[in-house]
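Undergrad: One structure coming up, written as structure tokens, with questions to follow.
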Amino acid sequence: MTMSERRDWMGVLARSQPQRLADLLGPLPAHEMLRNPEIGAVMVRGRAGAAGAPFNLGEMTVTRCSLQLQGGLVGHAYVQGRDKSHAIRAAIVDALMQGPQSATTREAILAPLQQDQSAHRAATRAKAAATKVEFFTMVRGED
Amino acid sequence: MDMQPISGGFADAPRQSALAFRAIIDVMSRPGKLATLQGATPPASLSVAAGTVILTLADANTGIYLAGDLDSPALRQWIAFHTGAPITTADCADLAIGTWADLHPLDRYRTGTVEYPDRAATLIVELGETPAPNASLTGPGIKDRIAAFVPGARPTSFPLGLDLILTAGAQVSALPRSTQVEFA
Amino acid sequence: MYVAVKGGERAIENAHAWLAEERRGDPAVPELSTAQIREQMTLAVNRVMAEGSLYDPDLAALAIKQARGDLIEAIFLIRAYRTTLPRLMASTPVDTAAMAVTRRISATFKDAPGGQILGPTFDYTHRLLDFALLAEGEVPPAPTALTGPAQDMPHILSFLDRDGLIEEATPSDEPPPDLTRAPLELPADRALRLQALTRGDEGFVLGLAYSTQRGYGRNHAFVGELRIGTCPVEVDIPELGFSVEIGDIELTECETVNQFTGSKTQPPQFTRGYGLTFGQTERKAISMALVDRALRWRELGEDFTGAPAQDEEFVLSHCDNIQATGFLEHIKLPHYVDFQAELELIRSVRAAAFASREAAE
């Protein structure tokens, strides 16, 4: 497991639809909370002129959770919104992905979530593309 | 990179932090009074009371300075996981933690400004054990006077100055900047 | 002066009960769900998120329902709620160049790389009431077009940047000041002004922006680029030692190109105004960019002409609608003692005036 792989799957889990993740994961494996799910805010920052000095844009809600599976694997989750069970499930999958079940977890849970998300992005892109302006210059009447 | 499980935080954060906050307010308003402060199990170098103060008062906007030998990777990780507080240098600290000797020199810490006296550091002084009273305190929150242990002189020119939280094991007392100290 | 008076409890309770009944309206009409508000009153939800300064569409929808559609009241509810949340951390600045755009237009370059994408806009509608919506609002799916793989959409102004025709946006990683944590101190730097403007009242910021167009602090703005879309939000996680994306948020960004003749310190070149807001809120983002540019007169070495939009104290002290409505609306609450004093005063002044008139006669 590399850091960038873990970054990627944590991002996929954070973006997942809570109900979809719940359906894919099924019953929760036994776990112990290291940090109970907690709802808080993240201050989102932008940059002046898109590339200049940072400024505070406003907050967003986030729920985080840290837990340990039987056997010692530790999972963390930071997910947008206020859904505590979503954060617990994301942390469980994060833990599973670090252990011997990573291949099956990837296939059964992460791959379908990734598919959902890329399908959603592609659908939005296709609608945006349909509203792209194709400029043409009208012929001027000279004579 | 992965980290070992980190424990020792509040098991029931809303309740425990409210109780601890009440105890800290109480000793701050009644200088010289002792109270028990529990709930945290910090890494061994830090007392239970000091750990509980950190869990209660620190968040991602609270700069913490760890003085002397206290500064260790284990304690930094513990503070980062449970509070998100950044570790800073002494001159920008909101909370500074250490033994009285390690916290010196005291002129490094912010004592607030006239417009914003609250922009001052609070020192958490680790005493090891609660020593016998060596001073007599007077001022707000004290009826007549009270005998208490004071680790030494601290810079105060009210309303500016440093507030002290004294910790020993699970015991806590406080010496706000408004208290006058006469050493015996 | 305020005095505590008792005796209103029952009246207040009953007023609350009636308020709840009025909110529900005619029980013969089906109740509105927050999901319906979130999905079908999206632009109201977006405004509440932008000015409430909290990105959470479910909460904004709830606030709108509870406030009976009064958006400033809804923003008030969101502002009150956000103070109860622990601030866990700040994000790394969002990279709007990596935005998945649903709309992206430029008024300055027709052939901008990446093209002009209209997105779901009101711009070319005829503003005629659509009576078909009285009956039902079901619509066929929007048309789609084939696309290549997703790619970053470079900012249009970066093409001017390359030729030195526009001032550079100097990157920095200075932690910005935060209005929500420290009292406003003037002069404010640009970061603080942008934070105040992005959560400022849409109507107020729009009015100020319009005033610059009509000549009060004129700065000749063109919309260099307006883009709307989603951006990932990334935070550094201390316990992990790396950053992760915690979700996507919708943003509107407006970059203006403004005329600038040059000053003692700056060569003649275009200057920039910047607007960035939560959600699809383009009127607000454009207004923000115009006011941002007007407030930059000092750093660009321009003259202060006395225009309201140039006056930082005026703009920043008055753009927050929660501050404004709080102070404005409090004057309807009991001021019996104040007014009693005023009454006594006017009576005694009148008595003295009549007495001296009689004496003169």
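Undergrad: Hey, can you tell me all the residues within segment C:297-325 that are in a helix (DSSP H, G or I) and among the β-branched types (Val, Ile, Thr)?
TA: Step one: list which residues in segment C:297-325 are in a helix (DSSP H, G or I), which gives C:308-310, C:312-318, C:321-325.
The answer is C:315, C:322, C:325.
Undergrad: Across segment C:117-140, what is the number of residues that are closer than 27 Å to residue C:106 by Cα and out of contact with any strand residue (DSSP E or B) (no Cβ under 6 Å at 6 or more places or on another chain)?
TA: First, pick out the residues of segment C:117-140 that are closer than 27 Å to residue C:106 by Cα: C:117-128.
Adding the requirement that they be out of contact with any strand residue (DSSP E or B) (no Cβ under 6 Å at 6 or more places or on another chain) leaves C:118, C:120-128.
Adding up the residues that qualify gives 10.
Undergrad: Among the residues of segment A:95-130, what is the count of those that are within 14 Å of chain C (Cβ to nearest Cβ), polar (S, T, N, Q) and in contact (Cβ under 8 Å) with a residue 12 or more places away in the chain? Give the steps one after another, and end with the answer.
TA: Within segment A:95-130, the subset within 14 Å of chain C (Cβ to nearest Cβ) is A:95, A:97-98, A:113-114, A:116-130.
Among the residues that remain, those that are also polar (S, T, N, Q) are: A:98, A:114, A:117-118, A:124.
With in contact (Cβ under 8 Å) with a residue 12 or more places away in the chain added as a condition, the list becomes A:98, A:114, A:117.
Of the residues in that region, 3 qualify.
Condition check ((1) small (Gly, Ala, Ser); (2) at the interface with another protein chain (Cβ under 7 Å from one of its Cβ atoms)) across all residues:
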{"residue": "C:67", "(1), (2)": "yes, no"}
{"residue": "C:89", "(1), (2)": "no, yes"}
{"residue": "C:101", "(1), (2)": "no, yes"}
{"residue": "C:109", "(1), (2)": "no, no"}
{"residue": "C:112", "(1), (2)": "yes, no"}
{"residue": "C:125", "(1), (2)": "no, no"}
{"residue": "C:161", "(1), (2)": "no, no"}
{"residue": "C:165", "(1), (2)": "no, no"}
{"residue": "C:181", "(1), (2)": "no, yes"}
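Undergrad: Scan segment A:33-49 and tell me whether some residue there is surrounded by 19 or more Cβ atoms within 10 Å (Cβ to Cβ), on the phi > 0 side of the Ramachandran plot and assigned to a helix (DSSP H, G or I). Explain how you work it out, then say what you get.
TA: Let us first name the residues in segment A:33-49 that are surrounded by 19 or more Cβ atoms within 10 Å (Cβ to Cβ), namely A:34-35, A:37, A:40-49.
Those still in the list that are on the phi > 0 side of the Ramachandran plot too: A:49.
Now drop any that are not assigned to a helix (DSSP H, G or I), which leaves A:49.
Checking segment A:33-49: at least one residue is surrounded by 19 or more Cβ atoms within 10 Å (Cβ to Cβ), on the phi > 0 side of the Ramachandran plot and assigned to a helix (DSSP H, G or I).
Undergrad: For residue C:135, indicate whether it is away from chain A (no Cβ under 11 Å), within 30 Å of residue C:326 (Cβ to Cβ) and among the hydrophobic types (A, V, I, L, M, F, W, C). Working first, answer last.
TA: Working: away from chain A (no Cβ under 11 Å): yes; within 30 Å of residue C:326 (Cβ to Cβ): no; among the hydrophobic types (A, V, I, L, M, F, W, C): yes.
When the stated conditions are applied, residue C:135 does not pass them.
One line per residue, one yes/no per condition, for (1) assigned to a helix (DSSP H, G or I); (2) in contact with a Lys or Arg (Cβ under 8 Å, 6 or more places away or on another chain); (3) of a type in the set (A, V, I, L, M, F, W, C):
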{"residue": "C:245", "(1), (2), (3)": "no, yes, no"}
{"residue": "C:276", "(1), (2), (3)": "no, no, yes"}
{"residue": "C:292", "(1), (2), (3)": "yes, yes, no"}
{"residue": "C:327", "(1), (2), (3)": "yes, no, yes"}
{"residue": "C:337", "(1), (2), (3)": "yes, no, yes"}
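Undergrad: Still on this structure, I have one more. Out of segment A:12-23, which residues are surrounded by fewer than 19 Cβ atoms within 10 Å (Cβ to Cβ) and not acidic (Asp, Glu)? Write out each step before concluding.
TA: Initially, segment A:12-23 is screened for residues surrounded by fewer than 19 Cβ atoms within 10 Å (Cβ to Cβ), giving A:17-20, A:22-23.
A:17, A:18, A:19, A:20, A:22, listed by residue number.
Undergrad: Can you find even one residue in segment B:82-95 that is surrounded by 18 or more Cβ atoms within 10 Å (Cβ to Cβ), acidic (Asp, Glu) and touching a helix residue (DSSP H, G or I) at 6+ places or on another chain (Cβ under 9 Å)?
TA: The answer is yes, given that some residue of segment B:82-95 is surrounded by 18 or more Cβ atoms within 10 Å (Cβ to Cβ), acidic (Asp, Glu) and touching a helix residue (DSSP H, G or I) at 6+ places or on another chain (Cβ under 9 Å).
Undergrad: Out of the residues in segment C:250-260 that are buried (at least 23 other Cβ atoms within 10 Å of the Cβ) and not polar (S, T, N, Q), which is farthest from residue C:278 (Cα to Cα)?
TA: Going through segment C:250-260, the residues buried (at least 23 other Cβ atoms within 10 Å of the Cβ) turn out to be C:251-258.
Still in the running and not polar (S, T, N, Q): C:251, C:253-255, C:257.
Details: C:251: 5, C:253: 9, C:254: 12, C:255: 15, C:257: 22 Å.
If we take residues in segment C:250-260 being buried (at least 23 other Cβ atoms within 10 Å of the Cβ) and not polar (S, T, N, Q), then C:257 is farthest from residue C:278 (Cα to Cα).
Undergrad: Let me spell it out: the conditions are (1) exposed (fewer than 15 other Cβ atoms within 10 Å of the Cβ); (2) over 17 Å from residue B:28 (Cβ atoms), and residue B:158 meets all of them except one. Which number is the exception?
TA: Among (1) exposed (fewer than 15 other Cβ atoms within 10 Å of the Cβ); (2) over 17 Å from residue B:28 (Cβ atoms), the lone unmet condition for residue B:158 is (2).
Undergrad: Does residue C:140 satisfy the criteria of being under 30 Å from residue A:62 (Cβ atoms) and surrounded by fewer than 10 Cβ atoms within 10 Å (Cβ to Cβ)?
TA: Numbers: under 30 Å from residue A:62 (Cβ atoms): no; surrounded by fewer than 10 Cβ atoms within 10 Å (Cβ to Cβ): yes.
Judged against the criteria, residue C:140 is not a match.
Undergrad: Quick check on this structure: which one of C:248, C:292 is touching a residue at least 12 places away in the same chain (Cβ under 8 Å), among the acidic types (Asp, Glu) and either closer than 28 Å to residue C:41 by Cβ or not assigned by TED's automatic domain parsing to the domain that holds residue C:198 (or both)?
TA: Values: C:292 fails: either closer than 28 Å to residue C:41 by Cβ or not assigned by TED's automatic domain parsing to the domain that holds residue C:198 (or both).
Criteria check complete, one pass: C:248.
Undergrad: Turning to a different aspect of this structure: Residue C:50 is checked against (1) without any contact (Cβ under 8 Å) to a residue 60 or more places away in the chain; (2) buried (at least 18 other Cβ atoms within 10 Å of the Cβ) and fails just one. What number does that condition carry?
TA: Unmet condition: (1).
Undergrad: Of all residues in segment C:299-333, count the ones that are more than 30 Å from residue C:258 (Cα to Cα) and surrounded by 12 or more Cβ atoms within 10 Å (Cβ to Cβ). Full working, then the answer.
TA: Going residue by residue through segment C:299-333, those that are more than 30 Å from residue C:258 (Cα to Cα) are C:322-333.
Now restrict to residues that are surrounded by 12 or more Cβ atoms within 10 Å (Cβ to Cβ): C:322-325.
Qualifying residue count for the region: 4.
Undergrad: Right, next: Under 7 Å between Cβ atoms, which residue pairs at least 6 apart in sequence (or on different chains) link something in segment B:61-86 that is without any contact (Cβ under 8 Å) to a residue 24 or more places away in the chain with a partner that is of a type in the set (A, V, I, L, M) and part of a loop (DSSP other than H, G, I, E, B)?
TA: Sorted first by the residue in segment B:61-86, then by its partner, the list stays empty.
Undergrad: On the given criteria, is residue C:192 modelled with pLDDT of 95 or more, within 13 Å of another protein chain (Cβ to nearest Cβ) and in a strand (DSSP E or B)?
TA: Against the criterion (modelled with pLDDT of 95 or more, within 13 Å of another protein chain (Cβ to nearest Cβ) and in a strand (DSSP E or B)), residue C:192 does not qualify.
Undergrad: Another question, if that's okay. Taking the stated definitions as given, is residue C:74 free of Cβ contacts under 8 Å to residues at least 24 places away in the same chain and either within 15 Å of residue C:199 (Cα to Cα) or within 28 Å of the chain's Cα centre (by Cα) (or both)?
TA: Values: free of Cβ contacts under 8 Å to residues at least 24 places away in the same chain: no; either within 15 Å of residue C:199 (Cα to Cα) or within 28 Å of the chain's Cα centre (by Cα) (or both): yes.
No: the conditions fail for residue C:74.
Undergrad: Go through segment C:20-47 and count every residue that is farther than 22 Å from residue C:280 by Cα and free of Cβ contacts under 8 Å to residues at least 24 places away in the same chain. Outline the logic, then answer.
TA: The initial filter retains those residues of segment C:20-47 that are farther than 22 Å from residue C:280 by Cα, namely C:20-32.
Right, trim to free of Cβ contacts under 8 Å to residues at least 24 places away in the same chain and you get C:20-21, C:24-31.
Summing the residues that are farther than 22 Å from residue C:280 by Cα and free of Cβ contacts under 8 Å to residues at least 24 places away in the same chain in segment C:20-47 gives 10.
Undergrad: Tell me the residue from C:229, C:224 that is closer than 30 Å to residue A:91 by Cα, touching a residue at least 40 places away in the same chain (Cβ under 8 Å) and within 13 Å of another protein chain (Cβ to nearest Cβ), please.
TA: Numbers: C:224 fails: closer than 30 Å to residue A:91 by Cα.
Just one listed residue meets the conditions, C:229.
Undergrad: Being of a type in the set (A, V, I, L, M) and under 23 Å from the mean Cα position of the chain (by Cα) is the filter here, so list the residues in segment C:99-136 that pass it. Working first, answer last.
TA: Of the residues in segment C:99-136, the ones of a type in the set (A, V, I, L, M) are C:99-101, C:105, C:107, C:112, C:117-118, C:128-129, C:132-135.
Those that are of a type in the set (A, V, I, L, M) and under 23 Å from the mean Cα position of the chain (by Cα): C:99, C:100, C:101, C:105, C:107, C:118.
Undergrad: Kindly indicate whether residue B:8 is more than 17 Å from residue B:167 (Cβ to Cβ) and within 14 Å of chain C (Cβ to nearest Cβ). First the steps, then the outcome.
TA: Working: more than 17 Å from residue B:167 (Cβ to Cβ): no; within 14 Å of chain C (Cβ to nearest Cβ): yes.
Answer is no for this residue.
Undergrad: Filter segment B:1-37 down to residues that are outside any helix (DSSP H, G or I) and among the hydroxyl-bearing types (Ser, Thr, Tyr) and give me whichever is modelled with the highest pLDDT. Quick ask: steps written out before the conclusion?
TA: In the first step, residues of segment B:1-37 are kept if they are outside any helix (DSSP H, G or I); the result is B:1-12, B:30-37.
Right, trim to among the hydroxyl-bearing types (Ser, Thr, Tyr) and you get B:7, B:36.
On the way: B:7: 76, B:36: 95.
Residue satisfying both the conditions and the ranking: B:36.
Undergrad: Then there is this: Which fully enclosed helices (runs of 4 or more DSSP H) of segment B:38-122 have 3 or more residues being under 26 Å from residue B:26 (Cα atoms) and away from chain C (no Cβ under 12 Å)?
TA: Details: elements: B:48-57, B:73-83, B:100-103.
Answer list for segment B:38-122: B:48-57.
Undergrad: Only residues that are at the interface with chain C (Cβ under 8 Å from one of its Cβ atoms), touching a Pro at 6+ places or on another chain (Cβ under 6 Å) and in contact (Cβ under 8 Å) with a residue 12 or more places away in the chain: list them for segment A:1-56, please.
TA: A:40, A:45, A:56
Undergrad: Let me ask something else. Condition first: touching a strand residue (DSSP E or B) at 6+ places or on another chain (Cβ under 8 Å), more than 30 Å from residue C:296 (Cα to Cα) and at pLDDT below 95. Can you find one or more residues in segment A:42-51 that meet it? Talk me through it step by step, then tell me what you get.
TA: Of segment A:42-51, the ones touching a strand residue (DSSP E or B) at 6+ places or on another chain (Cβ under 8 Å) are A:42-50.
Remaining after also requiring more than 30 Å from residue C:296 (Cα to Cα): none.
No, every residue in segment A:42-51 fails to be touching a strand residue (DSSP E or B) at 6+ places or on another chain (Cβ under 8 Å), more than 30 Å from residue C:296 (Cα to Cα) and at pLDDT below 95.
The values are calculated or read from the model by the stated rules, or taken from the named source; none is laboratory data. Bear in mind that the values here come from a model prediction, so they are computed numbers and not experimental data. Backbone-built Cβ (ideal geometry, glycine too); neighbour counts: all protein chains shown.
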